[in-house]
Amino acid sequence: MGFARGSILAIVRRPTLIPEAVRAWLGWRRRGGIGMAQPYLRWRRHTAYGDPRTTMSAHDLVYYLAWRREMRSIRKWERVA
């Protein structure tokens, strides 16, 4: 099972994260896609995993999407207050 298929399955198993995954993907595309972010992604993989060539696990992707959703919720409440 490859990275993409494993990641998709991990997200589909958590339907509440599907809207967040779509938001993340749309935001990524809006900012120029993967090509523009390669230096950042290499640095991020190096700091997170110790190897800039590794791939993010499906577990880490699910954790990231849940974190994004939580941060948006906090920001929404800060704007209201």
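Does MET56 satisfy the condition of being modelled with pLDDT under 85, surrounded by 10 or more Cβ atoms within 10 Å (Cβ to Cβ), outside any helix (DSSP H, G or I) and at negative phi? Criteria met by MET56.
The single residue among MET36, MET1, MET71 that is modelled with pLDDT of 90 or more, loosely packed, with under 13 Cβ neighbours inside 10 Å and among the aliphatic types (A, V, I, L, M) turns out to be MET71. Note on the range 42-81: residues that are more than 20 Å from ALA4 (Cα to Cα) and β-branched (Val, Ile, Thr) amount to 3.
If you go through the range 36-56 and keep only what is in contact with a Phe, Trp or Tyr (Cβ under 9 Å, 6 or more places away or on another chain) and either touching a residue at least 24 places away in the same chain (Cβ under 8 Å) or among the acidic types (Asp, Glu) (or both), you end up with THR55, MET56. From the list TRP28, TRP43, the lone residue that is surrounded by 11 or more Cβ atoms within 10 Å (Cβ to Cβ), among the hydrophobic types (A, V, I, L, M, F, W, C), assigned to a helix (DSSP H, G or I) and modelled with pLDDT of 80 or more is TRP43.
With respect to (1) surrounded by fewer than 12 Cβ atoms within 10 Å (Cβ to Cβ); (2) modelled with pLDDT of 85 or more, the lone exception for ILE11 is condition (1).
The values are calculated or read from the model by the stated rules, or taken from the named source; none is laboratory data. Computed from a predicted structure; not experimentally measured. Cβ atoms come from the backbone with ideal geometry, glycine included; neighbour counts cover every protein chain shown.
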